[in-house]
Amino acid sequence: MRAAYSSFRDYRVRRRAERTLAAMEDALLKDIGISRSEIGLVVRGLKRGQEDKAG
């Protein structure tokens with residue numbers, strides 16, 4: 001049960017981070033060094049090219 005709760009909590013944290021980054025203007029994203037297309041990767045802690053290996 002704890003593992004399920006932990007997974008759900010982690011999911012919610014990632015979703016909040018994705019929503020926060022997605023709400024930013026492109027110029028601000030560029031200032032922090034990411035593009036809009038990389039938001040999901042950044043939130044999951046991956047780099048471009050690793051998405052195929054992550055599943």
query: Taking the Cα centre of the chain as origin and charging only Cβ (+1 Lys, Arg; -1 Asp, Glu), how large is the dipole, in debye to the nearest 20?
result: 340
field: Tilt relative to the chain, helix 2-22 - C-alpha long axis, 0 to 90 degrees, to 10
entry: 10
field: Ordering of 21-30, 3-12 by burial proxy (mean other Cβ atoms within 10 Å per residue, highest first)
entry: 21-30, 3-12
query: In a solvent-free Debye calculation with one equal scatterer on each Cα, what is log10 I(q)/I(0) for the chain at q = 0.19, 0.21, 0.23, 0.25 Å⁻¹, listed in the order of the q values?
result: -0.72, -0.82, -0.91, -0.99
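A short reminder: the numbers here are calculations on the coordinates, not readings from a lab. Predicted model only: the values in this text are computed from it and were never measured. Note that we place each Cβ from the backbone using ideal geometry, even for glycine, and neighbour counts take in every protein chain shown.
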